[in-house]
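Single-structure report; data block below.
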Amino acid sequence: GRVCNRGACSSGMPKELSITDLVARVDGDDTTKQNAAAERLCARAADDCMAIRDAGGIKALVNLTRKGSPKGREEAACALGSLAENGASSEIVEAGGVGALLDLASPS
């Protein structure tokens, strides 16, 4: 399995965007911003699990896992895994995350 990159993003994204701003970027149409925001959410999931959940991040990450670029899907899966480890597994199941992750893991 992949270990999340917990370091700083190299995407040129401002270093301290709020969780709400990151979730909005994951929900947006700019692939580069989606990927970087999902990476940042993965890095922050352990410390900010409740804030990510409360900002609608789980649904946004599940959607990115289904419809994002290959990099975005990978980063979203990483973030969801970290969120699950930190107490958000039931919310991930409710958002359809299990099916999205299984689809991602299945060969095309």
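The values are calculated or read from the model by the stated rules, or taken from the named source; none is laboratory data. Note that the structure is a prediction, hence the values are computed from the model and not measured. Neighbour counts run over all protein chains shown; Cβ positions are idealised from the backbone, glycine included. In case anyone asks, the SASA skips ligands and DNA or RNA and just uses the protein heavy atoms, side chains included. Shrake-Rupley method; radii C 1.70, N 1.55, O 1.52, S 1.80 Å.
Which one of 35, 63, 86 has the biggest mean-square fluctuation once the chain is modelled by GNM with Cα springs under 10 Å?
The residue with the greatest mean-square fluctuation here is 86.
Might you report the magnitude of the Cβ-based charge dipole of the chain about its Cα centre, with Lys and Arg at +1 and Asp and Glu at -1, to the nearest 20 debye?
On the way: 13 positive and 15 negative charges, 55 e Å.
The calculation lands at about 260 debye.
Which of [x] 67, 30, 19; [y] 50, 34, 20; [z] 33, 29, 25 is the computed Cα extents along the principal axes in Å for the structure on display?
[z]
With the chain treated as a Gaussian network of Cα nodes joined by springs under 10 Å, which of 21, 30, 48 yields the largest mean-square fluctuation?
Of the options given, 30 has the highest mean-square fluctuation.
Per-residue ellipticity at 222 nm for the chain, helices alone: DSSP H runs ≥ 4 residues times -39500 (n - 2.57), over residue total, nearest 500 deg cm²/dmol?
Calculated mean residue ellipticity at 222 nm is -21000 deg cm²/dmol.
Note down the accessible area of residue 16, probe 1.4 Å, to the nearest 10 Å².
150
So if I restrict to the alpha-carbon atoms in the range 67-108, what is the Rg, and what is Dmax, the biggest pairwise distance, in Å?
Final numbers for Rg and Dmax: 10.2, 30 Å.
For the range 32-79, just run the numbers: alpha carbon Rg, then divide by 2.2 N^0.38 Å, N being how many residues it has.
Values: Rg = 9.5 Å, N = 48, 2.2 N^0.38 = 9.6 Å.
Scaled against compact globular proteins, the figure is 0.99.
Provide the FRET efficiency to the nearest 0.05 for the residue 29-residue 66 pair, computing r from the beta carbons and using R0 = 25 Å. Could you put the intermediate results ahead of the total?
Values: r = 15 Å, r/R0 = 0.60.
Using R0 = 25 Å, I get an efficiency of 0.95.
Leaving out ligands and nucleic acids, note down the accessible area per residue over the chain with a 1.4 angstrom probe, in whole Å². Walk me through the intermediate numbers first.
Numbers: 5850 Å² over 108 residues.
With all protein chains present, the chain gives 54 Å² per residue.
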